[in-house]
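Student: Dumping the structure here so I can ask a few things about it.
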Amino acid sequence: MRSGLKALLSDIIDYAGLFPPARLELDAALESYARYRSEPDAWMLGDFVCPATRLDDLTPRLADVVGDGDPLSLSLICGGGDDLGD
């Protein structure tokens, strides 16, 4: 693959296994993400997408995904409020 195309597509696909259509449980989503990170096309895989409300559930499981490998990049989905103060 050409280096320009690879640079363009690098980290382009965030993994949102917790959300529809997959709607996986957290452990299953993390296992899938960890497996995908070890595959040849992992250079296209971006962040693990997680609701901010699940961050406390996610934190104790991070060592299982990260281990001694690359750090885990997260995209957190935050809930909205009625105004900027919420």
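Bear in mind these aren't lab numbers, they're just calculated from the coordinates by the rules spelled out. Treat the numbers as computed from the prediction; the structure is a model and nothing was measured. Note that each Cβ is placed from the backbone with ideal geometry, even for glycine, and that neighbours are counted across all protein chains shown.
Student: Just LEU62, LEU45, LEU18 to compare: in a GNM of the chain, with alpha carbon springs under 10 Å, which one fluctuates most?
Tutor: Most flexible of the set in this elastic network: LEU62.
Student: Could I ask something else about it? Non-local amide H neighbours of LEU18 (under 5 Å, H modeled in plane, Pro and chain starts lacking H): which ones?
Tutor: Correct list: LEU24.
Student: Calculate, in nm to one decimal, what ARG37 and LEU24 gain on full extension: separation in residues at 0.36 nm each, minus their alpha carbon distance.
Tutor: Between ARG37 and LEU24, full extension yields an extra 3.0 nm.
Student: In degrees between 0 and 90, to the nearest 10, how far off the longest principal axis of the chain does helix 26-37 point, with axes built from Cα atoms?
Tutor: 20
Student: Right, next: How many times 2.2 N^0.38 Å is the alpha carbon radius of gyration of the stretch 3-77?
Tutor: 1.10
Student: For the chain, set up a GNM with springs between Cα atoms under 10 Å and report which of GLY46, GLY17, GLY67 has the largest fluctuation.
Tutor: GLY67
Student: With charges only on Cβ, +1 for K and R and -1 for D and E, what is the dipole size of the chain about its Cα centre, in debye, rounded to 20?
Tutor: 440
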